[in-house]
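These notes are about the structure you will find just below.
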Amino acid sequence: MTELHRAHIFHICGSPVVADAARHLEHYPDGGLLVDDDGCIAWCGPWAERPPAAGAATVVDHPDSFLLPGFVDTHLHFPQVNCIDSYGGGQLLEWLNHCIFPSEAKLADPGFARGAAAEFCNRMISAGTTTGLVFGSQFPDAQDGLHEEVRRRGLRLVTGRTTQTVGPPSAEPLLTSEADAIRLTAEEIERWHPLDEAARAEALVQVAVVPRFTLSLTTTTLAALGELYEAYRDKGVYFTSHLNENNRPGTGEIDTVKQTFSVEHYLDTYDGRFLPGSEVGGPGFLGRRSVMAHGVHCTDAELARLAETGTSIAHCPVSQLFLGSGTMPWRRTIAAGVNVALGSDVAGGDEWFLPQVLNSCFKVHISEPGGASVSLHPAELLFTGTLAGARALDLEDRIGNLDAGKEADFVIIDPSRWPTLENSLRWGSRPAEPEAARDALLFTLLMAAREVTVAATYVRGRRLRTAEPVA
């Protein structure tokens, strides 16, 4: 059924880079979004200018509410759904050993895994996250259950089993042999990924190759996984992993990678150059459907290589604060030409709701020292949480904004559900100049909203529902 949604609308139109987001910000205080029978956007604009075709549509009124493009989360972990705010007594590697590996091992229980999949979908829907790039479970039954649950709910997802062939004793339940790592990854692709191009153009759920990080693999696994990815690359399979997250001298992630593999740059290990001296050992993973999480401590050479290959960064400011990892340098990363999308990094991040991740994003970058400090424009924030994520996932032709012809993924924010937001929007002082007032309004909306304000989440024009917890 064709529907005409009426609400206060913001979105970034067209296909700009982040620096041009403000010039592409569209704002309709009394706006309409016409969604056709196929769940695609037929028109978006001022209510008073709705087209004749809107006359036959069912009107869905969202009084005093805002309609935004669905949020795109480019980094989160399915097996960590139940272990947010776990205390590890240290930074990344300690937190993994003491909290995350034991928690992820619980998904070996099929009943527990089913409940985790249901809860994961509930949390995405409740947070207005319509699309996610997700590190999956190491256990095939749990991962199959996630695929089934996501399809049943109607979410849009890219996911793959998290691959580990080596690790500390705490990770032992999560490890597989090198042969099984390749076999299980290939089986997930063959079972769940739309290998046909026409099917892929319609699919909501696709598959990624997902090593946890380089330290979870041997050079043998890296080579074999690279060959597997190369065999499926032209079928639209994705790649994601972690990069340059923690730089504690000597014992942190980055130094440990460099010492273990004897490479010049951490990124080399994902670029096929994982042998000592950064010699080529096999095919690499970088490209336009590859997303590297964090990128906090990239060298200039690494940023240039990411930009050259079209590889995106999933920026995760909340988890970087939680784990003391530092701050991704915004100006330097953007200047290098890298597409920066947004990630909650649940459970390193303890916020599912991406506007609150954007809240942290604004704060950490205005606090960068000296000339690195930047006050992000509200349009840049909205871009990062929506269109940049669609671009990172090579889905910009389908989602990310409210342009006509795209699929209707959107979220309804009702300020009356959170008095702090409602009062700030109603009574806060704003500039007299219309464009400045528009920007100030969007800023307050993004910074002050909370998950409770999400009144409805739509994917491809269909309203999604949460479900009762699985017993």
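Observations on the model:
- Volume of the Cα convex hull of region 17-83, divided per residue and given in Å³: 190 Å³
- Rounded to the nearest 20, the size of the Cβ-charge dipole of region 71-392 about its Cα centre is 640 debye, with Lys and Arg at +1 and Asp and Glu at -1.
- For the pair Glu227 and Ala436, a Förster radius of 56 Å applied to the C-beta separation gives a FRET efficiency near 0.55, rounded to the nearest 0.05.
- Footprinting exposure proxy ranking of Cys13, Cys316, fewest other C-beta atoms within 10 angstrom first, gives Cys13, Cys316.
- Zone of Ile366's modelled label, taken as backbone nitrogen in region 313-348 under 17 Å from a point 7 Å along Cα→Cβ: 317-318, 330-331
- Couplings 3J(HN,Hα) for region 24-32, derived from phi with the Karplus relation 6.51 cos²θ - 1.76 cosθ + 1.60 (θ = phi - 60°), are 10, 7, 9, 9, 10, x, 10, x, x Hz, where x marks Gly and Pro.
- The ranking of Trp352, Trp418 from fewest to most other beta carbons within 10 Å of each one's beta carbon is Trp418, Trp352.
- Given charges at Cβ of Lys, Arg, Asp, Glu: region 71-392 dipole, positive-most of Leu267, Ile182, Thr256: Leu267
- The C-alpha atoms of the chain define a longest principal axis, and helix 300-309 lies at about 70 degrees to it.
- P(r) for region 232-277, from all Cα pairs and a bin width of 5 Å, is 5, 22, 24, 20, 12, 9, 5, 2, 0 %, short bins first.
- Taken one residue at a time, the phi angles of region 185-190 give Karplus couplings (6.51, -1.76, 1.60, θ = phi - 60°) of 5, 5, 5, 5, 4, 5 Hz. Gly and Pro are set to x.
- Put in order of Cβ neighbour count within 10 Å, fewest first, the listed residues Ile366, Ile9 become Ile366, Ile9.
- Sequence-separation-based contact order of region 71-392, relative, with Cα cut under 8 Å and 6+ spacing, percent: 18 percent
- log₁₀ of I(q)/I(0) at q = 0.06, 0.13 Å⁻¹ - the chain, Debye sum with one point per alpha carbon: -0.25, -1.19
- Potential lengthening between Arg465 and Asp20 on full extension [0.36 nm per residue; Cα-Cα distance subtracted]: 156.7 nm
- Across all directions, the shadow cast by the convex hull of region 261-340 built on its C-alpha atoms averages 5.2 square nanometres.
- Counting only the Cα atoms, region 355-404 fills a convex hull of 83 Å³ per residue.
- Per-residue Karplus couplings for region 346-362, computed as 6.51 cos²θ - 1.76 cosθ + 1.60 with θ equal to phi - 60°, are listed in order as 4, 10, x, x, 10, 10, 7, 7, 5, x, 6, 5, 5, 4, 5, 4, 4 Hz, Gly and Pro entered as x.
- Under a model in which nothing but the beta-carbon of Lys, Arg (+1) and Asp, Glu (-1) is charged, region 203-353 shows a dipole of about 220 debye around its Cα centre.
Computed from the coordinates by the stated procedures, all read-outs in this text should not be read as laboratory data. This is a predicted model, so every value here is computed, not measured. So basically every Cβ, Gly included, is an ideal-geometry build from the backbone, and we count neighbours across all protein chains shown.
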